[in-house]
Amino acid sequence: MFQNRTFWIAISILFVGPLLLLTLFLIPYLFFGNPFLPHATSNVFFDFSRIWTLVLVSLVCAGVLGCTLRARLGGYVYVRPIAGLKAIEDAVGRATEMGRPILFVPGIMDLNELQTVAGLSVLSSVAKEAAAYENSVHVPTSRSLVMTAAREVVQAACIDAGKPDVYQEDSIRYVTDEQFAYVAEVCGWTQREKPAACFYMGQFFAESLLLAENGNSVGAIQVAGTAESSQLPFFVAACDYTLLGEELFAASAYLSGEPQQLGSLQGQDLGKGLAVAMLLAGCLLATLMQFESLGPFPKQAHDVLTKQILGRD
Amino acid sequence: MFKRQIPIAIAMLTGFIMVAAHFSPRLEGIGGLVESWFLVLAAMAMVLGGVNLCMHHLTLITNLKPGWAYSAITLTGFLVTLLVGLIKLGVPLSEQYPKHPWANSYEESPGAIWWLYEYIIQPSTSTMFALLSFFVASAAFRAFRAKTTEAALLLGTALIVLLGRSYAGTVLSAPLGDTYSFASLTDFVIMSVINTSGQRAIVIGIALGVAATSLRILLGMDRSYLGADE
């Protein structure tokens, strides 16, 4: 592999190229400010009011990178089974047996939303599974950029599954940017075509229940995932399986099965440990503050934790 | 050949610049610049979306597939809206630039786009949104069947919240006083303590998930959203 010229060109583009570009762009910006904003005259290189954000982000990132490295070196990684992701194969198999299509909705937001990207990662697995069964996935999108990306993802999945002929470009199409017009089209299609498996992965708002209840009314197996906490109860009520918040982001790593990606999930747990430690420290300090005999220290420490570290007023 | 590598390099570069911009006032405004680039990309892709929409519905109409009439309505609506928007049909003269008949915004009242929005899009949207109440009822009916302990707990909590948010609850719990009323139980126990703690746990998990996923994407570990390499 190290003798391969293509490998070294790829490495250069992946690592050295961005670093050089970063240096070329970032250094003039840092020294002379933003040339596109004449009024930006700040001489400050670093905003020290955000130092704690940097520390916390660095700790979480270090945890994720450390665990990824450990997994790459062969360390054991345990990831708890996620029922919703395990159900993908059953749902796709059932749809194929029944001779009915599969519906995948990647949310209603654009590609700049991380939830949409996470949704497309799940689409890759669903499409691969469907291609293996020679079934197609219907993907209506509410953003044209998402349509373009989804087409690439599904095509790649079909090639990976060894069934490039299964790919149908027409099954991935743009509907409309308008929220409820999109819902009307998807619900209409659901009622006409009666899909046997419906997947809702991405960012959803008021349309979540409309889509999920429609899928339920045609008797489809439904798997949903979103990080919009206000929509989670609707999906829980109407779908068979729901990926709650972080599970949507973990889905891509979980489904890939690659050790380094699974390792990053373990790194997330270290971040959770940090959050729990801070919560406990906050509870303890808030309790100790009530005892005047302990002096001003608990209050001072509590203020540092809440106002400086967490940035709350 | 580098169908995956080049997008990863762009994502990596842009991502790290955006992270640096959050911490350095020197990079102020660069986030807005990147967002502008995204808008330009999205606008270009919009043409692709419009063409896809027309091609899809034209195919359905020409093949007389079941439901082709819906496609005809969609296509007519799309073309009419596009046309009246482009020629600014019915848009009054701008007060600021009265000598330039095309200066006013296409959305101005009583223009054709304004009329279409006010009398077609708005009522249709409201109708779809109103359907939500029926779906909430049917979903709640299924979710609140006390088949398991968890479902029974959910049903009990939902009943208390319903009573706490309605006048019936106020009347029923009047003899118990304000402290033990359904409204107080809902606001100070269920919503402030149980619900908030659950929500915060989910939000913390989401924040960590976002950080880890961003890192995986920025470092090119997660490439599943990029498509094939060939």
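The values are calculated or read from the model by the stated rules, or taken from the named source; none is laboratory data. Worth saying up front: this structure is predicted, and the values here are computed from it rather than measured. Backbone-built Cβ (ideal geometry, glycine too); neighbour counts: all protein chains shown.
Numbers for the structure displayed
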| item | result |
| --- | --- |
| Any hit, segment B:171-192, residues being closer than 30 Å to A:Ala150 by Cα and part of a helix (DSSP H, G or I) | no |
| Residues that are farther than 21 Å from A:Glu185 by Cβ and within 7 Å of another protein chain (Cβ to nearest Cβ), drawn from segment A:103-125 | A:Asn112, A:Leu114, A:Val117, A:Ala118, A:Ser121, A:Ser124 |
| Residue in segment B:182-190 that is touching a Lys or Arg at 6+ places or on another chain (Cβ under 9 Å), more than 11 Å from chain A (Cβ to nearest Cβ) and free of Cβ contacts under 8 Å to residues at least 24 places away in the same chain present | yes |
| Count of segment B:193-228 residues which are part of a helix (DSSP H, G or I), more than 7 Å from chain A (Cβ to nearest Cβ) and more than 24 Å from the chain's Cα centre (by Cα) | 4 |
| Leading residue by the ranking (farthest from A:Lys194 (Cα to Cα)) among those in segment A:79-104 that are out of contact with any helix residue (DSSP H, G or I) (no Cβ under 6 Å at 6 or more places or on another chain) and not in a helix (DSSP H, G or I) | A:Arg80 |
| Residues of segment A:202-221 satisfying the condition of being within 12 Å of chain B (Cβ to nearest Cβ) and either buried (at least 21 other Cβ atoms within 10 Å of the Cβ) or in contact with a Cys (Cβ under 8 Å, 6 or more places away or on another chain) (or both) | A:Gly202, A:Gln203, A:Glu207, A:Ser208, A:Leu209, A:Leu210, A:Leu211, A:Ala212, A:Glu213, A:Asn214, A:Gly215, A:Asn216 |
| Some residue of segment A:57-68 being more than 11 Å from every other protein chain (Cβ to nearest Cβ), surrounded by 12 or more Cβ atoms within 10 Å (Cβ to Cβ) and either modelled with pLDDT of 60 or more or on the phi > 0 side of the Ramachandran plot (or both) | yes |
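Yes/no matrix, rows are residues, columns are (1) in contact (Cβ under 8 Å) with a residue 40 or more places away in the chain; (2) of a type in the set (Asp, Glu):
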residue: A:Leu248; (1), (2): yes, no
residue: A:Ser252; (1), (2): yes, no
residue: A:Leu262; (1), (2): yes, no
residue: A:Leu265; (1), (2): yes, no
residue: A:Leu274; (1), (2): yes, no
residue: A:Thr287; (1), (2): no, no
residue: A:Glu292; (1), (2): no, yes
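Here is a yes/no grid of residues against (1) within 30 Å of B:Leu219 (Cβ to Cβ); (2) crowded, with 16+ Cβ neighbours inside 10 Å:
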position: B:Phe2; (1), (2): yes, no
position: B:Gln5; (1), (2): yes, yes
position: B:Ala11; (1), (2): yes, yes
position: B:Gly15; (1), (2): yes, yes
position: B:Leu27; (1), (2): yes, yes
position: B:Gly49; (1), (2): no, yes
position: B:Met55; (1), (2): no, no
